[in-house]
Amino acid sequence: MRIFKFEEIDSTNIYLKNLKEKKNKDVVIAKKQLSGRGRRGNKWFSNEGAALFSFLIEEDENISLQEYLKLPLIIGYSVYEALKSLEKEFDFKFKWTNDLYLKEKKISGILVEKIDNFFIVGIGVNLNNKIDEEIKEIAISLKEISKKDYEIDKFVEVVVDRSFKNLEKLKIGRWKEILEDINKINYLFGKRIKVSGIKEETSGLAGSILENGTLEVFVGNEIKRYNIGEIHIEKN
Ligand code: BTN
């Protein structure tokens, strides 16, 4: 496993995208990002103290593309496990498809991109950083709650290790075990949500995450299933 470390970088995902000779498990960690990227072209606030890193997963021909649709969930679950290893008693929640929440606020976001036969997995976790005023209502850091400082490099190692172990579980047919756990911490379950960023915007009641990684949503008498989409929680 190669680890590239930077004090400052534009984006760890971009670094890996441009890396000429990519290797499975290459990891990039930065203390700060100058243009941290979130999903859907959003900016990712990247102050010092946050865990800001990306790593490569080489496509495995024994895993079908259909199975790889579960990759964001697997990575999200691995970040959950790593967070739990730091603070066992905290009530972290998994927001489909791959965000982590604590106290109704986002603590981690994940951006998975594909280039050639590699997946670039970019992860931002608010560990020791102070949350910017601009996003204080929607984001939280672990230190804010625990008043502790965490070792970022160690945390990154655990996330990467858990990710590959969980991917192996998917490969050998043990996905159901992971899914069961994810559904126990399903942040959206029972919440009224709006799904957008898809052909037809819909509102409904969120249900479970299903075997194929889709989210079920109860819309009137119908049950819809989504594998992509932006989720907004509506007030009940
Ligand atoms: C999201 O929008 O929730 C995804 C955020 C992903 C942020 C991480 S930080 C490390 C890596 N580098 C980036 O530019 N983005 C990801």
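Every read-out reported here was derived from the displayed coordinates using simple, explicitly stated rules and does not represent laboratory data. Treat the numbers as computed from the prediction; the structure is a model and nothing was measured. Counting neighbours? That spans all protein chains shown, and the Cβs are built from the backbone with ideal geometry, glycine included.
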Query raised in the report: What is the count of Lys pairs in the range 4-62 whose alpha carbons sit under 23 Å apart, if the two are 8 or more places apart or on different chains?
Result: 19
Report summary line: Rounded to the nearest 5, the percent of DSSP beta bridges in the range 1-91 running antiparallel is 45 percent
Query raised in the report: If you bin every alpha carbon distance in the range 123-162 into 5 Å steps from zero, what whole percent lands in each bin?
Result: 5, 22, 27, 21, 14, 7, 2
Requested in this report: Among the trypsin sites (Lys or Arg not before Pro) in the range 128-159, which ones are in a DSSP loop with at most 15 other Cβ atoms within 10 Å of the Cβ? Mind listing them?
Outcome: Lys130, Lys136, Lys147, Lys148
Requested in this report: Mind checking the full-extension length gain between Glu21 and Ser196? Use 0.36 nm per residue of separation minus the Cα-Cα distance, one decimal, nm.
Outcome: 59.3 nm
Query raised in the report: Based on the Cα gyration tensor of the chain, what are the three equivalent ellipsoid semi-axes, each the root of five times an eigenvalue, rounded to whole Å and given largest first?
Result: 27, 22, 17
Report summary line: When all Cα-Cα pair distances of the range 100-236 are considered, the percent exceeding 28 Å is 29 percent
Query raised in the report: Based only on the alpha carbon positions, what is the Kirkwood hydrodynamic radius of the range 69-165, in angstrom?
Result: 13.8 Å
Report summary line: For the range 1-36, listing GluC sites (Glu not before Pro) in a DSSP loop whose Cβ sees at most 15 other Cβ atoms within 10 Å gives Glu21
Query raised in the report: Which of the GluC sites (Glu not before Pro) found in the range 126-227 are loop residues per DSSP with 14 or fewer other Cβ atoms within 10 Å of their Cβ?
Result: Glu137, Glu151, Glu200, Glu201, Glu211
Query raised in the report: Regarding the range 1-131, what is the average projected area of its C-alpha convex hull, in nm²?
Result: 8.3 nm²
Report summary line: Gyration tensor (Cα only) of the range 162-236 to equivalent ellipsoid, semi-axes in Å sorted down, yields 26, 12, 11
Report summary line: Stokes-Einstein, Kirkwood over Cα pairs, the range 3-65, 25 °C, 0.890 mPa s; D in µm²/s equals 196 µm²/s
Query - Nearest-0.05 FRET efficiency for Asp181 and Lys31, computed from C-beta distance (R0 35 Å) - result: 0.65
Query raised in the report: Any idea which of Ile135, Val158, Ala206 is furthest toward the positive side of the dipole for the range 123-210, if Lys and Arg beta-carbons carry +1 and Asp and Glu beta-carbons -1?
Result: Ala206
Requested in this report: Report the local net charge at Arg225: Lys and Arg +1, Asp and Glu -1, summed over other residues whose C-beta lies under 15 Å from its C-beta.
Outcome: -1
